Amino acid sequence: MTLFPKLERSLTLFRRIVPATQLLSVGTILVYHGVCKAGLSSDLLPDSVLVEDFDRQMCYLHDNDYNVVSLQNLVSCLGAGKVIPENTVAITFDDGYRDTYTNAYPILQKYDLPATVFITAAFIGSEAPFPWLTSSRGNSFDARYPMTWNEVVQLHVAGMEIGSHTYTHQFLPVLSREQIDKELKLSRQVIAEKTGVEVHSLALPYSYPLSHRRWPTFKEHLMTALVQNSYHYCCTMLRGHIVATDNPFLLSRIPVGKYDDMELFKAKLSGWYAWTRFPQYFFQRYLKTYQ
């Protein structure tokens, strides 16, 4: 989630006018949440985008020869001595909102673009909103409600990768080793039972530093749980791009939200938004209050 959208946008676009070359041999993992139909702008959650904006962004990737690949394809370059092709992008969605299926999926099909959808398995198929959004207004039914299992299967059949967003969307750093293991294990099991899909990718819920004085053993416990439960790679909400030497269990991503016009979207693709990783780290490590 963007903390200071106007400041981040201004500094990002200012940096973009400084002469520079497009980042080479790096990949960009974009992360989306809601893709909503038009409504009151005040109803649109900060990490959501309007359908028409998402269409423009996907059209830009398609028409400007970006190397849009599956997340699995991008991760295969890590540690294998492979060069990440220039302008490589992977598209991801967190949570499993209904509008990922109703609004984003048709646009991805339109431009023939792959994506990975990380779902919170315990709530897929529920007729209630996701519990972390019950106090939030959304500008459409699909903005707060999960997909059905049938819709998840249809995405998989269409070629979309299905990943885990844990089982119940817990704040993992405050859980015990056993609870973390359970969140990762149950998610894979339930997705396999409901869809027949073998899951090997995870996206962590919430945004926080993996190392923090309040949870000094969390990173070790997470790495152990990932290996023991047969996960091959893991996405965080830490901002940044992907280089060939990155740890596949600690993948950085670039968030896309409601404040992103096309200039800011282009800046994020070109690498100029990655500077926000440092203030993000400082804020989360020293200033942010956690549950």
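The values are calculated or read from the model by the stated rules, or taken from the named source; none is laboratory data. Bear in mind the structure is a predicted one, so any value in this text is a computation, not a measurement. Note: ideal-geometry Cβ built from the backbone for every residue, glycine included; neighbour counts use all protein chains shown.
Look at GLY163 and say whether it is within 16 Å of TYR32 (Cβ to Cβ) and not in a loop (DSSP other than H, G, I, E, B).
Values: within 16 Å of TYR32 (Cβ to Cβ): yes; not in a loop (DSSP other than H, G, I, E, B): yes.
Yes.
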*Which pairs have Cβ atoms under 8 Å, sit 6 or more apart or on different chains, and link a residue in region 263-291 that is surrounded by fewer than 16 Cβ atoms within 10 Å (Cβ to Cβ) to one that is among the aliphatic types (A, V, I, L, M) and modelled with pLDDT under 90?*
GLU263/LEU13; TRP275/LEU11; PHE283/LEU3
_Cβ-Cβ distance below 6 Å, separation of 6 or more or different chains: which pairs start in region 194-219 with a residue that is touching a residue at least 60 places away in the same chain (Cβ under 8 Å) and end on one that is small (Gly, Ala, Ser) and not in a loop (DSSP other than H, G, I, E, B)?_
SER201/GLY163; LEU202/SER164
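When you scan region 178-291 for helices (runs of 4 or more DSSP H) that lie fully inside it, which ones turn up with 2 or more residues that are among the charged types (D, E, K, R) and out of contact with any His (no Cβ under 8 Å at 6 or more places or on another chain)?
Values: elements: 218-228, 262-270, 277-282.
Per the criteria, 218-228, 262-270.
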*Filter region 53-103 for residues that are under 23 Å from THR120 (Cα atoms), part of a loop (DSSP other than H, G, I, E, B) and either among the hydroxyl-bearing types (Ser, Thr, Tyr) or modelled with pLDDT under 95 (or both) and give the result.*
SER70
*Give the residue, chosen from THR100, THR120, THR92, THR116, that is of a type in the set (S, T, N, Q), in contact (Cβ under 8 Å) with a residue 60 or more places away in the chain and in contact with a Lys or Arg (Cβ under 9 Å, 6 or more places away or on another chain).*
THR92
_It is to be established whether one or more residues within region 156-172 are loosely packed, with under 15 Cβ neighbours inside 10 Å, in contact with a helix residue (DSSP H, G or I) (Cβ under 8 Å, 6 or more places away or on another chain) and at pLDDT 95 or above._
yes
*Just one of (1) crowded, with 20+ Cβ neighbours inside 10 Å; (2) touching a strand residue (DSSP E or B) at 6+ places or on another chain (Cβ under 6 Å); (3) under 28 Å from PRO46 (Cβ atoms); (4) not charged (D, E, K, R) trips up TYR231, so point out which.*
(3)
_Being touching a Gly at 6+ places or on another chain (Cβ under 7 Å), closer than 26 Å to TYR231 by Cα and in a loop (DSSP other than H, G, I, E, B) narrows it down to one residue among PRO46, PRO114; which is it?_
PRO114
*Only listed residue being under 19 Å from GLY34 (Cα atoms), without any contact (Cβ under 8 Å) to a residue 24 or more places away in the chain and part of a helix (DSSP H, G or I), chosen from PRO106, PRO129*: PRO106
*Among (1) free of Cβ contacts under 8 Å to residues at least 40 places away in the same chain; (2) under 20 Å from the mean Cα position of the chain (by Cα) - the single one GLN179 does not satisfy*: (2)
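Yes/no matrix, rows are residues, columns are (1) closer than 26 Å to THR28 by Cβ; (2) of a type in the set (A, V, I, L, M, F, W, C):
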residue	(1), (2)
HIS165	yes, no
HIS169	yes, no
GLU183	no, no
SER201	yes, no
TRP215	no, yes
LEU250	yes, yes
ILE254	yes, yes
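Quick check: is even one residue across region 232-242 among the β-branched types (Val, Ile, Thr), out of contact with any Gly (no Cβ under 8 Å at 6 or more places or on another chain) and touching a residue at least 40 places away in the same chain (Cβ under 8 Å)?
Here is the first cut: in region 232-242, the ones among the β-branched types (Val, Ile, Thr) are 236, 242.
After this cut, where a residue has to be out of contact with any Gly (no Cβ under 8 Å at 6 or more places or on another chain) as well, the list is 236.
Among the residues that remain, those that are also touching a residue at least 40 places away in the same chain (Cβ under 8 Å) are: none.
Within region 232-242 (the criterion being among the β-branched types (Val, Ile, Thr), out of contact with any Gly (no Cβ under 8 Å at 6 or more places or on another chain) and touching a residue at least 40 places away in the same chain (Cβ under 8 Å)), the answer is no, since none of the residues qualifies.
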*under 20 Å from LEU172 (Cα atoms), buried (at least 21 other Cβ atoms within 10 Å of the Cβ) and out of contact with any helix residue (DSSP H, G or I) (no Cβ under 7 Å at 6 or more places or on another chain), is that true of LEU251?*
yes
*Check GLY39 against each of (1) assigned to a strand (DSSP E or B); (2) at pLDDT below 95; (3) among the small types (Gly, Ala, Ser) and name the one condition it does not meet.*
(1)
